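Let me begin by handing over the structure; questions about it come next.
The values are calculated or read from the model by the stated rules, or taken from the named source; none is laboratory data. Just so it is clear, the structure is predicted and the values come from calculations on it, not from any experiment. Reconstructed Cβ throughout: ideal geometry from the backbone, glycine too, with neighbour counts over all protein chains shown. Quick note on the areas: whole protein, heavy atoms, side chains included, nothing else; ligands and nucleic acids left out. Shrake-Rupley method; radii C 1.70, N 1.55, O 1.52, S 1.80 Å.
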Amino acid sequence: MKNIVVLISGRGSNMISIAQACLSQCWPARIAAVISNRPQAAGLAAARALGLPVEVEDSAGRTDREAYDADLARRIDAHSPDLVLLAGYMRILTPAFVDRFAGRLLNIHPSLLPSFPGLDTHRRALEAGVKVHGATVHLVTAELDSGPILAQAAVPVMPGDDEDALSARVLEAEHAIYPMAVRWMIDERVEVRGRTVRLRDPGPGETGLL
Ligand code: GAR
């Protein structure tokens, strides 16, 4: 049984999609903890409602990022995690934290990377006039939103879209690719060479693109 720790800052819908896939598909894994840096994160109540153990490492007023990340890492390590998932975790991680969990630290980002790293991805996609937008699951490296890509989902940008409409369409795609990529990691099917990710024994349609 593999241990998964999920880090959230807000609503937690990606955490929920992974927890539900884990339970309904009987993954050989369990969510050992959902940890939020914000005590008021709505995702904490959602996790409790699913019966998941929740913890808070409050980041309010913690200006020393190294010290905060060291405390967070100790909290995560207590669960001997095989995977640490960033699911709407909105803090930039220190290199020491990324190093500690290298190879088992995943993020979901709401754009087709390398387009639109950072924040406000939907607003920037609309401003750029792109016709295709989407989401990316990647391994986390020290450079922001730049690690090896496991999976991407593309969605159309429709005439008349505003940020809310576009983000809702992307979020639905996120809920499809994040559990899929996590399952690949659980099953140890992911081979990383430099920036390239290869899936072992891919089945029909398992291209990493939805
Ligand atoms: C998601 O859209 C996720 O891709 C994004 O925050 C949202 C969290 O939603 N993450 C980032 O922007 C990371 N830089 P959720 O809390 O409902 O999963």
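Does residue 143 meet the test of being open to solvent by 50 Å² or more (accessible area, probe 1.4 Å) and modelled with pLDDT of 95 or more?
no
What pairs come up if the first residue lies in segment 83-100 and is in contact (Cβ under 8 Å) with a residue 40 or more places away in the chain, the second is within 9 Å of the ligand (Cβ to nearest atom) and open to solvent by 50 Å² or more (accessible area, probe 1.4 Å), and their beta carbons are under 8 Å apart, counting only those six or more places apart or on different chains?
Pairs found: 88/11; 92/144.
Looking at segment 168-184, which of the residues that are open to solvent by 10 Å² or more (accessible area, probe 1.4 Å) and either touching a strand residue (DSSP E or B) at 6+ places or on another chain (Cβ under 7 Å) or of a type in the set (Val, Ile, Thr) (or both) is farthest from the ligand (Cβ to nearest atom)?
The residue in question is 184.
Consider only pairs whose beta carbons are under 7 Å apart and that are at least six residues apart or on different chains; among these, list those whose first residue lies in segment 137-161 and is without any contact (Cβ under 8 Å) to a residue 24 or more places away in the chain and whose second residue is open to solvent by less than 70 Å² (accessible area, probe 1.4 Å).
Qualifying pairs under 7 Å: 155/133; 155/134; 155/169; 155/170; 155/173.
Looking at (1) more than 14 Å from the ligand (Cβ to nearest atom); (2) in a loop (DSSP other than H, G, I, E, B), which one does residue 74 not meet, given that it meets all the others?
The single condition residue 74 does not satisfy is (2).
Within segment 20-42, is there a residue that is touching a residue at least 12 places away in the same chain (Cβ under 8 Å), touching a strand residue (DSSP E or B) at 6+ places or on another chain (Cβ under 6 Å), in a helix (DSSP H, G or I) and within 13 Å of the ligand (Cβ to nearest atom)?
no
Taking segment 86-111 as the region of interest, how many residues are under 12 Å from the mean Cα position of the chain (by Cα), within 15 Å of the ligand (Cβ to nearest atom) and within 18 Å of residue 151 (Cα to Cα)?
Going through segment 86-111 one residue at a time, the tally reaches 9.
Each row is one residue, and each column tells you yes or no for (1) open to solvent by less than 60 Å² (accessible area, probe 1.4 Å); (2) charged (D, E, K, R); (3) over 21 Å from residue 181 (Cβ atoms); (4) at pLDDT below 95.
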| position | (1), (2), (3), (4) |
| --- | --- |
| 73 | yes, no, yes, no |
| 85 | yes, no, no, no |
| 93 | yes, no, no, no |
| 104 | no, yes, no, no |
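Another question about this same structure. Do we find that residue 114 is within 18 Å of residue 9 (Cα to Cα), within 16 Å of the ligand (Cβ to nearest atom), open to solvent by 10 Å² or more (accessible area, probe 1.4 Å) and at pLDDT 95 or above in this structure?
So residue 114 fails the test.
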